[in-house]
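Everything on this sheet refers to the single structure shown next.
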Amino acid sequence: MVVINLQLQPHPSKFNGYSKHPFVYYDIQRPKKLSLQPKALSSRTQRIMEGISVGGEVGGAGGAYSYEALKRLDNLWSSICSDQTVVQEPRQVVTNTPGLFTQSDMRNKEVDGFDVLVCGGTLGIFIATALSLKGLRVGVVERNLLKGREQEWNISRKELLELVEVGILTEDDIEQATTSVFNPNRCGFESKGEIWVSNILNLGVSPAKLIDIMRERFTSLGGVIFEGYSVSSINVYQEIAVLQLMEGKILSASLIIDAMGNFSPVLKQIRGNRKPDGVCLVVGSCCRGFKENSRSDVIFSSAEVKQVGNSEAQYFWEAFPAGSGPLDRTTYMFTYVEPQPSSPKLEELLEDYWDLMPKYQEVSLDNLEILRVIYGIFPTYRDSPLPAAFNRILQFGDASGIQSPVSFGGFGSLTRHLGRLSNGIHEAISGNLLDSDNLSLLNPYMPNLSASWLFQRAMSARKRDGVPPDFINDLLYANFQSMQRLGDPVLRPFLQDVIQFGPLVKTLGLVMLTKPQIIPAIFNQVGFPVLIDWLGHFSLLGSYTFLSVYIDPLIRPLIETFSTEKKYKWKRQLEAWKYGAGLDYKLNNEDITKR
């Protein structure tokens, strides 16, 4: 007996894209087994992603592109959002072991010793190279191959030059790694208006090229890379920390740096089962076939709050020319949410993305070749940066929570803090100040970071009486319009996630004067408890500004007369004032917008 099996398949000519017009073909075959169970229909996202050739996944956020990886991440996201009361305790990776390693049962095992071990290579290679430059013996442990992802990092030249100041890059290296340069850059909110700036996130940098440069520099300085190794356990002894890898190798170091990102096993042990206070969900794609491709969007919102499943979401967009070709463009769609059982999944967002992106970019999806699909989850906590929880272990990068809660990438915060952190770590090792209290001074409370929590809360869609659907766009446009009137010294730091007291006071004051009717909706949107908490951080932001401007110059000349430990502590305190007030950010001539 022969049956005719009717199947729907995407058109072969759209193998790397998606066709809205599938065709019917006839597959004549002998029956294997009669089944009355209906076959689950695949989503549009699944069909698109399974039609794209995907290379090997690499470490770091955004290093995976496959549909299987998307489902794994959505399952993780669902577990974070779950309301279940009985949850599995995180694996205990770190153990404090009393006594000396030289007197322990492990003393006779073969152990390779370092000054510093960095776990997580994608961003960890930068701090590892900076410390190697200072003469320390450094090892990097990476569970995948140590290489950058295909998708570019978008950043400003000013931020990359901070790595030149640290000494790990040259300006020639920046030119080599930069694949695209574009201006101007747009900030727009629905139909309310647009603001244009230049030299903000206007470079596309190839992570693959940049990390290759860093890798070569690191190994030339004597650094050692352990690729394909995963962290099993860390035993902290009195004089050393011992890292056991799942593959059996044992390493030791005076200090272990956790650069394993938002889902680091060490971070999970410290945080326990606590839910993030907020999450940025990001989806997007890099496609070929855009005709207009010379400008970028830093932030753009084309619509008000919309219903997504059982929750609401306010979608924002970013768009950048890609360096892989003149018609290649990357578009991101992102939203801020609180983790709840009703929160949308990444696949749901991608389904919306395929509907909304063509209208946003004024292009037909049928005319685009989809090169890759991008997605990510970026959890944030209010008590960030994270103080050291153990002796001889320090969180770095995304694992430390030092990135802004309104951004979805840690590379920009890395460039800003790398010099401060590499100097401080070197001093801590030199002075044997590696207890948790002294290490916590490297990730201190920063009021400008905590103050930016109000912005994430205000940008999150929440069902509230007295809050109109276009409130978020209205508020953001009022803020950006006020900052534009106040000029570059106010607007530019904010666009690069740096909050400063003076510009913030001026902006809020101008918003209240020009748009007082929005104030009641702000109270309804964010809630009184959040506003009261924010006022405390706002007050401390002013205090840190005063201390850095007026008290720092009085104390700094005296520091060299202090003891080693006291000198270390005062240096960290002065840095906390300066960076916590955002005063490390300085405008240069290239930053000034030509009007």
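The values are calculated or read from the model by the stated rules, or taken from the named source; none is laboratory data. Nothing here was measured: the structure is a model prediction, and the numbers come from that model. For neighbour counting, all protein chains shown are included, and Cβ atoms are generated from backbone atoms with ideal geometry for every residue, glycine included. Ligands, DNA and RNA are stripped out before the accessible areas are found, and what is left, the full protein with its side chains, is counted by its heavy atoms. Shrake-Rupley method; radii C 1.70, N 1.55, O 1.52, S 1.80 Å.
Working carefully through the options ASP258, ASP297, find the one that is in contact with a Ser or Thr (Cβ under 6 Å, 6 or more places away or on another chain) and under 21 Å from SER404 (Cα atoms). Spell out the reasoning first.
Details: ASP297 fails: in contact with a Ser or Thr (Cβ under 6 Å, 6 or more places away or on another chain).
When all the criteria are applied, what remains is ASP258.
Please verify whether LEU203 is open to solvent by less than 20 Å² (accessible area, probe 1.4 Å) and over 30 Å from GLY323 (Cβ atoms), treating the condition exactly as stated.
Values: open to solvent by less than 20 Å² (accessible area, probe 1.4 Å): yes; over 30 Å from GLY323 (Cβ atoms): no.
No, not satisfied.
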(request) Give the residues of region 513-528 that are more than 21 Å from GLN481 (Cα to Cα) and exposed (fewer than 13 other Cβ atoms within 10 Å of the Cβ), sorted by residue number. (result) PHE528
(message) Cβ-Cβ distance below 8 Å, separation of 6 or more or different chains: which pairs start in region 158-184 with a residue that is farther than 17 Å from GLY148 by Cα and end on one that is acidic (Asp, Glu) and loosely packed, with under 15 Cβ neighbours inside 10 Å?
(response) LYS158/GLU590; LEU161/GLU171; VAL164/GLU171
(request) Could you check LEU486 against (1) out of contact with any Asp or Glu (no Cβ under 9 Å at 6 or more places or on another chain); (2) under 24 Å from ARG420 (Cα atoms) and say which number it fails? (result) (2)
(request) Considering (1) free of Cβ contacts under 8 Å to residues at least 60 places away in the same chain; (2) part of a strand (DSSP E or B), say which one ARG72 fails and leave the rest. (result) (2)
(message) I'd like the residue in region 563-576 that is among the hydrophobic types (A, V, I, L, M, F, W, C) and open to solvent by less than 50 Å² (accessible area, probe 1.4 Å) and, out of all such residues, is nearest to PRO444 (Cα to Cα).
(response) ALA576
(request) Search region 297-315 for residues that are on the phi < 0 side of the Ramachandran plot and touching a residue at least 40 places away in the same chain (Cβ under 8 Å) and pair each with any residue that is in a strand (DSSP E or B) and open to solvent by 20 Å² or more (accessible area, probe 1.4 Å) when their beta-carbon atoms are under 6 Å apart and the residues are at least 6 apart or on different chains. (result) ASP297/ARG186; ASP297/GLU318; VAL305/GLU312
(message) Of all residues being outside any loop (DSSP other than H, G, I, E, B) and out of contact with any Lys or Arg (no Cβ under 7 Å at 6 or more places or on another chain) in region 451-473, which is farthest from ARG382 (Cα to Cα)? Just the residue, please.
(response) PHE471
(request) Run down LEU510, LEU547, LEU504 and say which single residue is more than 22 Å from ASP277 (Cα to Cα), among the hydrophobic types (A, V, I, L, M, F, W, C), surrounded by 15 or more Cβ atoms within 10 Å (Cβ to Cβ) and within 27 Å of the chain's Cα centre (by Cα). (result) LEU504
(request) Look through PHE189, PHE182 and report the one residue that is more than 30 Å from VAL231 (Cα to Cα), out of contact with any Pro (no Cβ under 9 Å at 6 or more places or on another chain) and of a type in the set (A, V, I, L, M, F, W, C). (result) PHE189
(request) Identify, by number, the condition in (1) at pLDDT below 95; (2) over 19 Å from the mean Cα position of the chain (by Cα) that SER440 doesn't meet. (result) (1)
(request) Look through region 185-200, keep the residues that are in a strand (DSSP E or B) and touching a residue at least 12 places away in the same chain (Cβ under 8 Å), and return whichever of them is surrounded by the fewest Cβ atoms within 10 Å (Cβ to Cβ). (result) TRP196
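Looking at LEU356, LEU433, which is the one that is open to solvent by 10 Å² or more (accessible area, probe 1.4 Å), at pLDDT 95 or above, in a helix (DSSP H, G or I) and not aromatic (Phe, Trp, Tyr)?
On the way: LEU433 fails: in a helix (DSSP H, G or I).
Going through LEU356, LEU433 in turn, the sole match is LEU356.
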(request) For region 116-163, enumerate the residues that are more than 23 Å from GLY409 (Cα to Cα) and open to solvent by 50 Å² or more (accessible area, probe 1.4 Å). (result) LEU133, LYS134, GLY135, ARG137
(request) Tell me, please, whether a residue that is among the acidic types (Asp, Glu) and either open to solvent by 20 Å² or more (accessible area, probe 1.4 Å) or under 30 Å from VAL181 (Cβ atoms) (or both) can be found in region 209-219. (result) yes
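Identify, from the list GLU190, GLU162, the residue that is within 24 Å of VAL490 (Cα to Cα) and touching a strand residue (DSSP E or B) at 6+ places or on another chain (Cβ under 9 Å).
Details: GLU162 fails: touching a strand residue (DSSP E or B) at 6+ places or on another chain (Cβ under 9 Å).
Unique residue meeting the criteria: GLU190.
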(request) Determine which member of the set ASP497, ASP552 is among the acidic types (Asp, Glu) and modelled with pLDDT of 95 or more. (result) ASP552
(request) Please state which of the following conditions VAL166 fails to meet, knowing it meets all the rest: (1) farther than 23 Å from TYR375 by Cα; (2) out of contact with any Gly (no Cβ under 9 Å at 6 or more places or on another chain). (result) (2)
(message) List the residue pairs whose Cβ atoms are under 8 Å apart, where the first residue sits in region 481-502 and is in contact (Cβ under 8 Å) with a residue 40 or more places away in the chain and over 19 Å from GLN456 (Cα atoms), the second is aromatic (Phe, Trp, Tyr) and buried (at least 20 other Cβ atoms within 10 Å of the Cβ), and the two are 6 or more positions apart or on different chains.
(response) none
(request) State whether the residues of region 312-332 include one that is open to solvent by less than 10 Å² (accessible area, probe 1.4 Å), among the polar types (S, T, N, Q), over 30 Å from THR97 (Cβ atoms) and in contact with a Gly (Cβ under 9 Å, 6 or more places away or on another chain). (result) yes
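Kindly indicate whether ILE532 is open to solvent by less than 80 Å² (accessible area, probe 1.4 Å) and assigned to a helix (DSSP H, G or I).
Numbers: open to solvent by less than 80 Å² (accessible area, probe 1.4 Å): no; assigned to a helix (DSSP H, G or I): yes.
In short, no.
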